[in-house]
Amino acid sequence: YVSVAYSVVSLLISIHCIILFMSLSLNRCNGLRECELNTQGLIQINTANYGRTDKTTCSEGRPSEQLQNTNCYSPNALAPVSKRCNGLRECELNTQGLAPKDPCFGTYKYYTTNYICIPAETSVTCHGGYSYLKCENGKIQINTANYGRTDKTTCSEGRPSEQLQNTNCYSPNALAPVCEGKNSCSILASNSVFSDPCVGTFKYLYISYSCVSKCKCDCTEQ
């Protein structure tokens with residue numbers, strides 16, 4: 001897993017999944033922090049917290065009274081980070097608004113995220129096209145899926161600028177249960193299948209999935 005800590009004063013956090021099943025501990029209070037290793041995987045957020053659990057992380061230049069509360073936790077920190085980052089190879093977030101409430105007033109807080117990088121396939125299909133998923137060995141297991149828009153560049157060619165501005169567009173029905181457990185399947189990326197989560201935005205279907213095999217064990221008594 002990878003653990004990243006960063007303070008609320010940083011404008012952006014950057015989570016890069018270029019590492020597969022290796023353990024790192026990274027602290028970052030300002031700006032961006034990248035994990036620059038050369039094996040690939042997709043992000044799966046395990047835990048996230050906005051608060052303070054020790055007196056040393058992100059403490060430089062802070063008054064002592066802002067560092068004393070080390071039992072500061074936010075119960076709402078996991079969902080927004082998971083929503084934006086799960087299933088991506090790299091993820092960059094604006095920290096403003098990730099935790100809507102202050103869990104400990106007067107304490108200088110930071111974000112801590114623990115995540116692993118899992119092996120998986122990805123499929124990106126622009127609105128109106130078909131997404132084809134296939135497992136040569138094993139069955140399809142959907143890791144994460146979204147029909148909407150989370151950046152301004154994917155499926156942007158030839159589209160008016162106003163159709164690309166909303167990068168907080170998610171569909172709650174995009175888990176593609178029709179594909180789960182199959183060797184292959186196809187899904188139409190359209191409002192008729194997933195409904196329209198953001199009217200006026202040109203959308204695409206993003207899916208990350210794994211091919212899972214059931215192993216048989218032959219046991220012999222000796």
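The values are calculated or read from the model by the stated rules, or taken from the named source; none is laboratory data. What you are looking at is a predicted structure, and each value in this text was computed from that prediction instead of being measured. Because the Cβ atoms are built from the backbone with ideal geometry, glycine has one as well, and the counts that use them run over all protein chains shown. To get the accessible areas, we keep the full protein, side chains included, count just its heavy atoms, and leave off ligands, DNA and RNA. Shrake-Rupley method; radii C 1.70, N 1.55, O 1.52, S 1.80 Å.
May I ask you to say which residue of Thr57, Thr47, Thr107, Thr70 is assigned to a strand (DSSP E or B) and either modelled with pLDDT of 85 or more or basic (Lys, Arg) (or both)?
The match here is Thr47.
One residue is enough: does the stretch 79-101 have a residue meeting the conditions surrounded by fewer than 15 Cβ atoms within 10 Å (Cβ to Cβ) and at pLDDT 85 or above?
no
Being surrounded by 12 or more Cβ atoms within 10 Å (Cβ to Cβ), at pLDDT below 75, over 18 Å from the mean Cα position of the chain (by Cα) and closer than 20 Å to Tyr115 by Cα is true for just one of Arg33, Arg28. Which residue is that?
After ruling out the rest, the residue left standing is Arg28.
Report, ordered by the first and then the second residue, all pairs with beta carbons closer than 6 Å, sequence separation of six or more or different chains, a first member in the stretch 127-146 that is within 15 Å of Ala189 (Cβ to Cβ) and open to solvent by 20 Å² or more (accessible area, probe 1.4 Å), and a second member that is small (Gly, Ala, Ser) and assigned to a strand (DSSP E or B).
Listed by first residue and then by second, the contacts come to Tyr130/Ser186; Tyr132/Ser186.
Within the stretch 116-126, work out how many residues are among the hydrophobic types (A, V, I, L, M, F, W, C) and either buried (at least 19 other Cβ atoms within 10 Å of the Cβ) or within 19 Å of Glu92 (Cβ to Cβ) (or both).
Qualifying residue count for the region: 4.
So how many residues does the stretch 192-213 have that are within 23 Å of Ser161 (Cβ to Cβ) and exposed (fewer than 14 other Cβ atoms within 10 Å of the Cβ)?
2
Condition test on Ile116, is it under 11 Å from Ser210 (Cβ atoms) and of a type in the set (A, V, I, L, M)?
no
Which residues, taken from the stretch 114-127, are within 14 Å of Lys203 (Cβ to Cβ) and either touching a Ser or Thr at 6+ places or on another chain (Cβ under 6 Å) or in a strand (DSSP E or B) (or both)?
Selection gives Val124, Thr125, Cys126.
Identify, by number, the condition in (1) open to solvent by 50 Å² or more (accessible area, probe 1.4 Å); (2) hydroxyl-bearing (Ser, Thr, Tyr); (3) under 23 Å from the mean Cα position of the chain (by Cα) that Ser156 doesn't meet.
So Ser156 meets the others, but not (1).
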